[in-house]
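The values are calculated or read from the model by the stated rules, or taken from the named source; none is laboratory data. Not measured: the values here are computed from a predicted model. Cβ placement follows ideal geometry from the backbone for every residue including glycine, while neighbour counts extend to all protein chains displayed.
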Amino acid sequence: MNLHDYSGHPFQAQLSRYLAGHGHEVVHTYCAQYVTGHGRLTRAAGDPRGLEFEGLRAGVDLVKYSPWRRARFELGYARSWQRFLAARGPFDLVVACNVPLLSLDRMRAHFGRTGQRWALWHQDIYSMGMAAEVRRILPRPLAGLARRVLERAEAMQVASADAVVAIEQAFAAKYREWGLDVAPYVEPNWAPLEDITPRPRDNGWARTHGLPTAPVRLLYAGTLGRKHNPALLLGVLDRCRERGADAHLTVVSEGVGADDLRGLAAGRPDVRILGYQPASQFPDVLGSADVVLTLLEPDAARYSVPSKVLSYLCAGRTVVGLMPVGNPAAADVLAAGGHVCAPTGYGAAEAGDWIAAHAAVPRAFADRGRRARRLAEERFAIEAIGRRFEQVFAAAAGYGSPAPAAAAG
């Protein structure tokens, strides 16, 4: 099996380890040029024999927010993946996860030509994000045409896959809107419990980076992209301080959003912005915080589920989300005893009020952190998750019956 997770995230790598540990030969591939927080993407002591990792490169630079250069990259990336498959295949099954729309459009045609069976692990409705980008640069009539072309391309990907795994039931409604008779298997995302464990607040990573001991430590760790408004993080911090809570913000991210935030926070001693940290240090990064923050803009809310929330739960930390309450991750935050408010200036003020009020209550954050970890342990057991994926992938490869819960939420 080739499990291809373009983003190189932690829980997909955990699934590959599970599958290899249960007798499958798995080559886990990812984009070596995509800058984000990665999972454990190299073999380690104790890994099963049938597991390999390999990063792929497009041969051209990835310029994320330049539409034309991004399109050139995505097409080049598809060619790189095709060369890999020609050299290493055929595989019983290829799993495509987090693959950009243009790359996957080329791969869909390639799978059809070669007869390669494949499964789509659908993480987001990518045509919606691309259509939003197109609206910024094209007149309305052309933008409308481009949106329809992009939606048709994504619909054809869903329709042609031998199996579709969606992360939320709302995807099925979108498929029906596209006129497709496709019943996806729905499996919510998770985070690897054994990789992200609760760590002491004052750990080696916190000391190495000189995090102050006394203030309430706020942390944002993850992507800051077009789905996020990084200025809201400063709004939360400022409101905490206005309400009398000594607070400090650490942001672990890279790219345009992090650069924008660095400019907004220039000269502030209560803000620290760091690049992505090694996966081995990620538990200590999260453990250093009292409160972890997540952001999601309204137009991304319906289909995009911020996986950082799931990592926060594993780390056993209090979570505050600035996101629409209808997002599935908002329910997780509330179930863990955290707080959800709108991704607006008013919401940032509300979040700051909530944090400041709880900072005055002894052990309020620690108690909520334990509740978060318990929730993660209830939901993220890899044995149960892995068995479900194994059944779906076997059916997609033609080796088993369709999963009985294929359309269940």
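Could you tell me whether the range 276-285 includes any residue that is charged (D, E, K, R) and not in a helix (DSSP H, G or I)?
The answer is no; no qualifying residue exists.
For Glu154, are the conditions met, namely being modelled with pLDDT of 95 or more, among the charged types (D, E, K, R) and farther than 24 Å from Glu383 by Cα?
yes
For Leu234, are the conditions met, namely being part of a loop (DSSP other than H, G, I, E, B), crowded, with 18+ Cβ neighbours inside 10 Å, in contact with a Lys or Arg (Cβ under 9 Å, 6 or more places away or on another chain) and hydrophobic (A, V, I, L, M, F, W, C)?
no
Counting just the residues of the range 102-133 that are in contact with a Ser or Thr (Cβ under 7 Å, 6 or more places away or on another chain) and in a helix (DSSP H, G or I), which one comes out surrounded by the fewest Cβ atoms within 10 Å (Cβ to Cβ)?
Filtering first and then ranking leaves Gly112.
Whether any residue in the range 355-366 is more than 21 Å from Pro188 (Cβ to Cβ), over 17 Å from the mean Cα position of the chain (by Cα), basic (Lys, Arg) and surrounded by fewer than 22 Cβ atoms within 10 Å (Cβ to Cβ) is what I want to check.
So far as the range 355-366 goes, yes, one or more of its residues are more than 21 Å from Pro188 (Cβ to Cβ), over 17 Å from the mean Cα position of the chain (by Cα), basic (Lys, Arg) and surrounded by fewer than 22 Cβ atoms within 10 Å (Cβ to Cβ).
Look at the range 2-23 and say how many of its residues are on the phi < 0 side of the Ramachandran plot and in contact with a Ser or Thr (Cβ under 9 Å, 6 or more places away or on another chain).
Final tally of qualifying residues: 9.
Residues that are in contact with an Asp or Glu (Cβ under 6 Å, 6 or more places away or on another chain), within 25 Å of Val35 (Cβ to Cβ) and surrounded by fewer than 20 Cβ atoms within 10 Å (Cβ to Cβ): does the range 253-275 have at least one?
Yes - at least one qualifying residue is present in the range 253-275.
Looking at Thr344, Thr318, Thr294, which is the one that is buried (at least 24 other Cβ atoms within 10 Å of the Cβ) and closer than 30 Å to Ala131 by Cα?
From the options Thr344, Thr318, Thr294, the qualifying one is Thr294.
Any idea how many residues of the range 13-37 are crowded, with 19+ Cβ neighbours inside 10 Å and either among the small types (Gly, Ala, Ser) or touching a strand residue (DSSP E or B) at 6+ places or on another chain (Cβ under 8 Å) (or both)?
So the count comes out to 13.
What number of residues in the range 76-132 are among the charged types (D, E, K, R) and under 26 Å from the mean Cα position of the chain (by Cα)?
6
Counting only residues that are part of a loop (DSSP other than H, G, I, E, B) and of a type in the set (Lys, Arg), which one in the range 179-216 is nearest to His38 (Cα to Cα)?
Once the filter is applied, the top-ranked residue is Arg199.
Given the criteria of a type in the set (Gly, Ala, Ser), surrounded by fewer than 19 Cβ atoms within 10 Å (Cβ to Cβ) and under 20 Å from Ala315 (Cβ atoms), does Gly204 qualify?
Criteria met by Gly204.
With the requirement that a residue be surrounded by 13 or more Cβ atoms within 10 Å (Cβ to Cβ) and either of a type in the set (Ser, Thr, Tyr) or over 24 Å from the mean Cα position of the chain (by Cα) (or both), what does the range 153-181 give you?
Listed by number, the residues that qualify are Ser160, Tyr175, Trp178, Leu180.
Among the residues of the range 234-289, what is the count of those that are free of Cβ contacts under 8 Å to residues at least 12 places away in the same chain and closer than 21 Å to Ala357 by Cβ?
The number of residues fulfilling the criteria is 0.
So, in the range 55-69, exactly how many residues are more than 20 Å from the chain's Cα centre (by Cα) and not hydroxyl-bearing (Ser, Thr, Tyr)?
8
Provide a single number: the residues in the range 135-152 that are touching a residue at least 40 places away in the same chain (Cβ under 8 Å) and surrounded by 18 or more Cβ atoms within 10 Å (Cβ to Cβ).
1
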